[in-house]
Amino acid sequence: MDPVLQLLRDLVAIDSVNPSLVPGASGEAVIAERIAVALRAAGLDVQVTGGATGRPNVVGVLEGRAPGRALMLCGHMDTVGVEEMTAPFDPVERDGRLYGRGAQDMKGGLAAMIDAAARLAADGGLETGRLIVAAVADEEHASLGADALVMEHSADGAVVTEPTDLAVAIGHKGFEWVEVETRGRAAHGSRPAEGRDAILYMGRVLARLEAIGAGLMARPGHPLLGTASLHASTIGGGRELSVYPDRCCLRFERRTLTGESPDVALTEVQTALVELGREDPEFEASVRQLFSRPAYEIPDDQPVCRALAQVLRRGGRDATATGMSFWTDAAILAQAGTPAVLFGPRGAGLHGREEFVEIESVLTCRDVLADLARDFC
Ligand SMILES: [Zn+2]
């Protein structure tokens, strides 16, 4: 069995569900240890940091024999939850695919980058420069891992090995999380003159959000990223059947494009709430931003983009630059001064019931990354 496939199977078999998404979930401690073992066995200089918090990062460094450029390969170890999956941590191979939670997002990419480093090290190492292999925590929630990584490590270029179907992705959308609370007045259900219905108030807010969302989708799209969008994520309110609800709380997410401000959704909703207040003086609501991460785009003439495109074309592969819909740690690396491009295996079902990665694409990804390190460093 190709060593990258054995590693991938091992990584999928380890539960690394993000505990910030699913309270009580395993987190990254065990998978970090497995990755540290793999990187050490390959001969890299390995550090595990942040272990005390239970949310470690693993960084392995392969030094070249002379100074040169540094390339970082970066991937996240955490996955989303496994509700509704029958055997999430049982890596099953079928029709050239490997199934399991995280197979596509992004243990396929992790295995490819770790094995690329192992292969380079086994083939005599790097002439010049250095290769940094970084496996980070918490990308699926708040990117604690990438935030910590960039405090200690930087490079002349980075590849984030999120699943791009072996395409070169030079950008991705951002996102903003917003919470809206409507306030009513609790009263006996038989007394409409006294009660104010916070849930029906939220209905008005939802109607506005739907209109805002439709407006976003009707705008001309960004050439790489398409259109912005929003969706209602969670909602709660009400106490019992015969009581007017005194509050209702909605959380929603808006996906953002480059050029949009980091609080664009907050501003859009604030405007809507002011209008709703004008229409009905009894209407009462407040809004706050919970979290925001920017959209990202890197010029395709950056050295790391050019080098990756060159490796792909040399192998007769498509190197057309594209964009991804999902957010990634590339934005954090780039903000900290390490230009990052996305390139990873092909698969489907990320965050879904049935997730898989195409094994052949993991092998290809590994080979491309190893060639890139030789060229770039
Ligand atoms: Zn991911």
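The values are calculated or read from the model by the stated rules, or taken from the named source; none is laboratory data. As the structure is a computational prediction, the values presented were derived from the model and not from experiment. All Cβ positions, glycine included, derive from the backbone under ideal geometry; neighbour counts span all protein chains shown. We work out accessible area using only protein heavy atoms, side chains counted, and drop any ligands, DNA or RNA first. Shrake-Rupley method; radii C 1.70, N 1.55, O 1.52, S 1.80 Å.
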Test set (1) touching a helix residue (DSSP H, G or I) at 6+ places or on another chain (Cβ under 6 Å); (2) part of a helix (DSSP H, G or I); (3) more than 14 Å from Val357 (Cβ to Cβ) - Leu39 fails condition number: (1)
Positions within the range 51-96 being touching a strand residue (DSSP E or B) at 6+ places or on another chain (Cβ under 8 Å), of a type in the set (Gly, Ala, Ser) and either more than 21 Å from Ala32 (Cβ to Cβ) or within 16 Å of the ligand (Cβ to nearest atom) (or both), in sequence order: Gly64, Ala66, Gly68, Ala70, Gly75, Gly81, Gly96
Members of the range 61-82 that are assigned to a loop (DSSP other than H, G, I, E, B) and not acidic (Asp, Glu): Gly64, Arg65, Met77, Val80, Gly81, Val82
Any hit, the range 317-324, residues being in a loop (DSSP other than H, G, I, E, B), at pLDDT 95 or above, open to solvent by 50 Å² or more (accessible area, probe 1.4 Å) and touching a Pro at 6+ places or on another chain (Cβ under 8 Å): no
Strands (runs of 3 or more DSSP E) contained in the range 200-312 and holding at least 3 residues more than 30 Å from Gly337 (Cβ to Cβ) and under 19 Å from the mean Cα position of the chain (by Cα): 229-237
Subset of the range 86-96 [surrounded by fewer than 17 Cβ atoms within 10 Å (Cβ to Cβ) and within 14 Å of Gly352 (Cβ to Cβ)]: Thr86
Test: residue in the range 348-367 that is part of a loop (DSSP other than H, G, I, E, B) and buried (at least 24 other Cβ atoms within 10 Å of the Cβ): yes
